[in-house]
1. If a residue must be open to solvent by less than 10 Å² (accessible area, probe 1.4 Å), under 16 Å from Asp182 (Cα atoms) and at pLDDT 90 or above, how many such residues does segment 105-138 contain?
2. Looking only at segment 37-92, count how many residues are in a loop (DSSP other than H, G, I, E, B) and over 29 Å from Leu103 (Cα atoms).
3. Name the single residue that is nearest to Asp165 (Cα to Cα) among those in segment 81-104 being buried (at least 16 other Cβ atoms within 10 Å of the Cβ) and touching a helix residue (DSSP H, G or I) at 6+ places or on another chain (Cβ under 7 Å).
4. Determine the pairs where a residue that is within 14 Å of Met73 (Cα to Cα), located within segment 43-58, has a partner that is of a type outside the set (D, E, K, R) with Cβ atoms under 6 Å apart, the partner being 6 or more residues away or on another chain.
5. Quick one: which of Lys70, Lys149 is open to solvent by 50 Å² or more (accessible area, probe 1.4 Å), free of Cβ contacts under 8 Å to residues at least 60 places away in the same chain and within 15 Å of the chain's Cα centre (by Cα)?
6. Only one residue in Lys155, Lys175 is outside any helix (DSSP H, G or I), basic (Lys, Arg), closer than 22 Å to Lys93 by Cβ and at pLDDT 95 or above. Which one?
7. When you go through (1) closer than 27 Å to Leu53 by Cβ; (2) without any contact (Cβ under 8 Å) to a residue 24 or more places away in the chain one by one for Pro80, which number turns out not to apply?
Amino acid sequence: MQISCLFWDQRNQQDKDKQLILTLLWSQKKDDEETVKVKVKPEERQGQFGEELQDEYVGPLCETVPRIFKAIMGINIIMPGTFKSSTEHACVKCNVKAQEGSLYPLHKSLIFVTKPVVYIKIDDLQRVEFHRIGSAIQNKLFDLELILKNGVSHKFVGIDKKEQDCLMEYFKQRKVPLKQVDESKAKMDYEEEEEEDEKVVQDEDLGTESEDEDFVAEGMEDESSSQDENDLVEEEKVENE
C-alpha cells in the first residue's frame, strides 16, 4: 500500500494550530503502471501551466497523481529521502497512542501516517529523547519523543530496538540534540532516594523520643527531690515535739 499526503496552507478554522491534511491510500502495487491522459486544451495548457503539465502520464497512480497536482497547483512533492531502516525501508513502524502507523524520516522533516497524520519540521525540533533504551534483554522496543521549540512534544512508541542506531544517525546528521533516557535506572535512583528519606525520618523520630524521655526524667527527678525535702521537714517537726 502506497500513501500520498496533501497539505493545505489554510489552517483549520476551529483550531488554528492544526493543518489540513488529505491522506490518499493507494491499494495499487508500485510496479503496476497505468496511463493517465490530461484533457486540457493546448492553448490553456501553454498559457496557465507551461511545459510542466504533460498530455499523458505513465506509471503507478501513487506517483503520477502527485506529479499532476504539482503541475496544476504548483505544489512541491516531498519524497522519502536517503533514510533506510534495518529492513531497508524508508520508514519505521510505531504507534501514536493507540494508533499504529509508520514514521517517515525525510530530508528536512518527519511525517507519521496514517492516522493521525503528524508532520514535524527538523528546524522546529529542540531535542529528541530516546526512552526505554536500557540494556535489559526484555526491552525489545523503545520510544521516541520529539520535543519542539514551542514546548509541544510528540511521542512515538513501540519502535523495534533494531531501528535505534538508524534513527540516532539520522538525527546526528541533522545536528539535532539527542538525549537517552533509561527509566529503569531513574526508578532505582528514585527508590534509593526514598529509602534515604525514610532513614532520615526514622533517625529524627528516635532523636525526638530521646529528648522527650530526658524531659520526663528531669521532671520526675525534681518531683522526687521535692518529696524527699518535705519528708525531712516532717521528721524534724516530730523530733522537736
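1. Number satisfying all stated conditions: 2.
2. Total meeting the criteria: 10.
3. If we take residues in segment 81-104 being buried (at least 16 other Cβ atoms within 10 Å of the Cβ) and touching a helix residue (DSSP H, G or I) at 6+ places or on another chain (Cβ under 7 Å), then Ser85 is nearest to Asp165 (Cα to Cα).
4. Listed pairs, sorted by first residue: Arg45/Leu53; Phe49/Ala71; Glu52/Ala71; Leu53/Ala71.
5. Numbers: Lys70 fails: within 15 Å of the chain's Cα centre (by Cα).
Checking each option against the conditions leaves just Lys149.
6. Working: Lys175 fails: closer than 22 Å to Lys93 by Cβ.
It is Lys155.
7. Every condition holds for Pro80 apart from (2).
The values are calculated or read from the model by the stated rules, or taken from the named source; none is laboratory data. Just so you know, these numbers come straight off a predicted model, no measurement behind them. Virtual Cβ from ideal backbone geometry, glycine too; neighbours counted across all protein chains shown. To get the accessible areas, we keep the full protein, side chains included, count just its heavy atoms, and leave off ligands, DNA and RNA. Shrake-Rupley method; radii C 1.70, N 1.55, O 1.52, S 1.80 Å.
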